[in-house]
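Note sheet for the following structure.
The values are calculated or read from the model by the stated rules, or taken from the named source; none is laboratory data. Quick caveat: nothing in here was measured; it's all calculated off a predicted structure. All Cβ positions, even for glycine, are placed from backbone atoms using ideal geometry, and neighbour counts span all protein chains on display.
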Amino acid sequence: MKQTVRPNLAHDVRQKLEDEINSGRLLPGDPLDERELASRFGVSRTPVREAITQLSAQGLITAAPRQGVLVARMSIKELLAMFELLAELEGVCAKFCARRMTEAQRARLIETHRASLVHVEADNAEGYSQSNVDFHAVLYAGCHNEFLAQQLRTIRRRTQMYRQNSFLQPGRMRTSHEDHQRVLDAILQGDAEAAQRHMIEHVSVGGKGFAEFVSTLPSHMFESHDIAYPNASEI
């Protein structure tokens, strides 16, 4: 007789695993054992298996020959490609916001940006990281294009595990806040082209900057352990 799984059990396990991946408690390349997960979450292996299937469909988990189930890894080229696409889509989002945001949404964007400065001044990377999420979430709502917003959320979830410690880098919070100010100013002025340009510049990670970013990440987070970090001229 086929065992059925209460949908909420599989959903709960999936959500917990997704949260652990997004928060960095589970990193790309980390193995996932069904028996251990079932014991840790206090469920049978069936909802764990279903949760793994769902996360695999999202691209967050993968099955590797002779390695079992792992938190999904990307190659450097794949990560760069995602960052490139994210920058372009974020730019389009900012352009739409300059044209479409309601007064209430503009006010919320101003307040979200203002609140983030507290974390910059306090050198609170965790707090600023959440403020950054909030700032972009207001933009996703303000672009009034749910298909675009969904694509952005998907890419951000997929790359979050690689970006989670970015605000620990010296000066990164301040630079991000200043970038947000330029995007905000352009949106408030209704300058769609400037909003798009500033957002692309804010999100883009290319050349030397990308090489330096990759060099801060453990090699096991990428598909191949024998990778060589790229030179800026190769990107």
_Test: residue in the range 175-182 that is buried (at least 17 other Cβ atoms within 10 Å of the Cβ), modelled with pLDDT of 95 or more and of a type outside the set (Ser, Thr, Tyr)_ = yes
*Is the range 159-169 home to any residue that is modelled with pLDDT of 95 or more, closer than 16 Å to residue 136 by Cα and touching a Gly at 6+ places or on another chain (Cβ under 6 Å)?*
no
_Among the listed residues 38, 87, identify the single one that is hydrophobic (A, V, I, L, M, F, W, C), touching a residue at least 24 places away in the same chain (Cβ under 8 Å) and touching a helix residue (DSSP H, G or I) at 6+ places or on another chain (Cβ under 6 Å)._
87
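Quick one: which helices (runs of 4 or more DSSP H) sit completely within the range 9-120 and have at least 2 residues that are touching a His at 6+ places or on another chain (Cβ under 8 Å) and of a type outside the set (Val, Ile, Thr)?
The qualifying helices (runs of 4 or more DSSP H) are 76-100.
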*Residues being surrounded by 17 or more Cβ atoms within 10 Å (Cβ to Cβ), in contact with a Phe, Trp or Tyr (Cβ under 9 Å, 6 or more places away or on another chain) and in a helix (DSSP H, G or I): count how many of those fall in the range 140-154.*
3
